[in-house]
Amino acid sequence: MNRALLLLALLGIATGCATMDIPQAHRGSLFSRTGLFALYTGSNGISGPVLDPGTHFLGVYNELRIIDCSTTTVRESLDALTRDGVHFGFDLIVRFSADCSNEGVTQLIGNLRPDQEDTISAKRIYDTYIQPAIGEAARESVSPLRANELNEKQAEVAAGVKKRFGDIMATREKQLVKIYELNISHLQFPASLDTANLERAAQSLLRDKAIAERERVTAEIETTTMKRKLPEQEAEVAVVKIEKVGAALAKNPAYAQYEFLQRLPEIYREAGARGNLVLAAPNPMSLPQFTTPQTAPPPAPAPSPRLNR
């Protein structure tokens with residue numbers, strides 16, 4: 001009876017160790033092992049095809065080596081040194097996954113050790129392949145520049161880091177990692193440089209304000225000058241008009257009498273509409289006569305002297 005129970009227990013243990021699950025968004029390979037019941041034969045390490053998620057029969061000693069194939073987002077802060085020794089930090093966001101093609105799974109299992117029981121996690125892949133590439137790209141983009149240059153070329157530096165990182169991953173880490181997105185979200189300067197930037201921005205605002213105030217005063221001065229010149233111009237126009245009219249009337253004095261006679265009916269009409277006064281038209285013959293001034297006749301020639309005989 002005791003022997004039968006012992007055999008059943010051994011059978012149960014063996015049966016329980018004969019299967020293993022590969023979770024969703026994971027892939028793996030069989031890691032062949034041997035032992036007493038296999039007479040220590042038949043073990044050859046990683047073998048067989050790449051396995052998909054599900055439950056897999058392993059036997060008594062074999063195990064699985066699993067790759068985490070899920071898409072993962074990592075947020076991290078890195079630091080790089082400028083040419084003049086200023087620490088420049090930036091926050092980055094990387095969205096990636098392991099390359100879980102058959103070739104990728106084989107290379108990852110062959111190159112990395114599991115860090116979560118039998119599973120190679122996304123963090124192990126990030127620490128091994130992605131983080132060094134980002135650090136290298138950052139150093140190559142930041143180290144040739146001084147702090148002030150970096151301050152003026154923040155957008156160019158961020159674009160350069162992304163481009164260089166993409167080139168490294170495309171050429172060096174083939175069939176190991178898939179990069180879906182890399183964003184540099186925040187550039188961090190030392191506190192002293194941030195203070196200098198704030199002071200520089202404040203001075204720029206004050207300078208712009210002073211320029212705007214100077215332009216406003218200049219515009220007001222120009223407006224005042226133009227307002228002062230306007231009456232002068234109008235007076236000059238009036239003077240010219242008076243001179244022209246005066247010269248014309250001096251040349252044609254009878255036109256004033258003619259113009260006065262033409263306006264008399266309108267003058268009487270307005271006077272009658274405003275009151276009960278009745279005005280009679282003046283006698284045109286009593287109006288002042290404007291005559292053209294005549295030049296005096298030339299003096300008569302003096303008589304020639306007579307000679308007394």
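The values are calculated or read from the model by the stated rules, or taken from the named source; none is laboratory data. Predicted model, so just to flag it, every value in this text is computed and none were measured. Because the Cβ atoms are built from the backbone with ideal geometry, glycine has one as well, and the counts that use them run over all protein chains shown.
Of the helices (runs of 4 or more DSSP H) contained entirely in the stretch 52-164, those carrying at least 2 residues that are of a type outside the set (Asp, Glu) and more than 31 Å from the chain's Cα centre (by Cα) fall at 102-111, 122-125. Could you check the stretch 138-159 and list, in sequence order, the residues that are touching an Asp or Glu at 6+ places or on another chain (Cβ under 8 Å) and within 20 Å of HIS186 (Cβ to Cβ)? ALA147, the sole residue that qualifies. If I go through the stretch 79-96 residue by residue, how many of them are touching a strand residue (DSSP E or B) at 6+ places or on another chain (Cβ under 7 Å) and crowded, with 19+ Cβ neighbours inside 10 Å? Number of matching residues: 7.
Inspection of the stretch 132-150 identifies no residue that is more than 28 Å from ARG83 (Cα to Cα) and either modelled with pLDDT under 90 or among the β-branched types (Val, Ile, Thr) (or both).
The residues in the stretch 82-123 that are under 26 Å from SER141 (Cβ atoms) and hydroxyl-bearing (Ser, Thr, Tyr) can be counted, and the count is 2.
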